[in-house]
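Student: Quick one: structure below, then a few questions.
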Amino acid sequence: MKKLLTGLFAMFMGLTVTMAQTPATAKKEVKSAKAKTEKTTAAAPAPAAAATTKTKKDGTPDKRYKENKAAATPAGPTKKDGTPDMRYKSNNKNAGKKKA
């Protein structure tokens with residue numbers, strides 16, 4: 001009985017692995033679709049805020065530059081290591097709210 005169950009389990013695992021693999025033609029179609037979407041997103045105009053600060057390719061601010069580092073400073077008091085102190089209302093957006 002154990003051998004029968006083990007054999008069935010092995011056959012099931014083998015079938016799932018072979019079914020999970022996609023044929024080579026499907027992979028090419030996916031790559032070409034990705035290339036088309038990247039071309040269309042690259043041609044889109046950048047927002048006005050991104051033009052004033054230096055950004056990475058994905059659009060997030062590049063923290064290597066001084067103007068982007070200053071924008072990330074918290075509004076309220078900080079701890080010794082420089083992270084915002086979440087005990088203060090100016091740093092914590094959920095301060096004063098009751099849990100449901």
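Student: Output yes when any residue across segment 18-25 is modelled with pLDDT under 60, within 26 Å of the chain's Cα centre (by Cα), surrounded by fewer than 11 Cβ atoms within 10 Å (Cβ to Cβ) and part of a helix (DSSP H, G or I), and no when none is.
Tutor: no
Student: Given the residues Thr40, Thr53, which is the only one that is at pLDDT below 85 and in contact with a helix residue (DSSP H, G or I) (Cβ under 8 Å, 6 or more places away or on another chain)?
Tutor: On the way: Thr40 fails: in contact with a helix residue (DSSP H, G or I) (Cβ under 8 Å, 6 or more places away or on another chain).
None of the other options fit; the residue is Thr53.
Student: Could you please find all residues in segment 77-96 being assigned to a loop (DSSP other than H, G, I, E, B) and surrounded by 14 or more Cβ atoms within 10 Å (Cβ to Cβ)?
Tutor: Residues satisfying the conditions are Asp85, Met86, Tyr88, Asn91, Asn92.
Student: Glu67 passes all but one of (1) open to solvent by less than 60 Å² (accessible area, probe 1.4 Å); (2) in contact with a helix residue (DSSP H, G or I) (Cβ under 9 Å, 6 or more places away or on another chain); which number fails?
Tutor: With respect to (1) open to solvent by less than 60 Å² (accessible area, probe 1.4 Å); (2) in contact with a helix residue (DSSP H, G or I) (Cβ under 9 Å, 6 or more places away or on another chain), Glu67 is out only on (1).
Student: So if I check each of Gly82, Gly76, Gly96, which one is at positive phi and at pLDDT 80 or above?
Tutor: Gly82
The values are calculated or read from the model by the stated rules, or taken from the named source; none is laboratory data. Quick caveat, the model's predicted, so the values are computed rather than measured. Here Cβ is always computed from backbone atoms with ideal geometry, including for glycine, and neighbour counts include all displayed protein chains. Heads up: the accessible areas ignore ligands, DNA and RNA and are worked out on the full protein's heavy atoms, side chains in. Shrake-Rupley method; radii C 1.70, N 1.55, O 1.52, S 1.80 Å.
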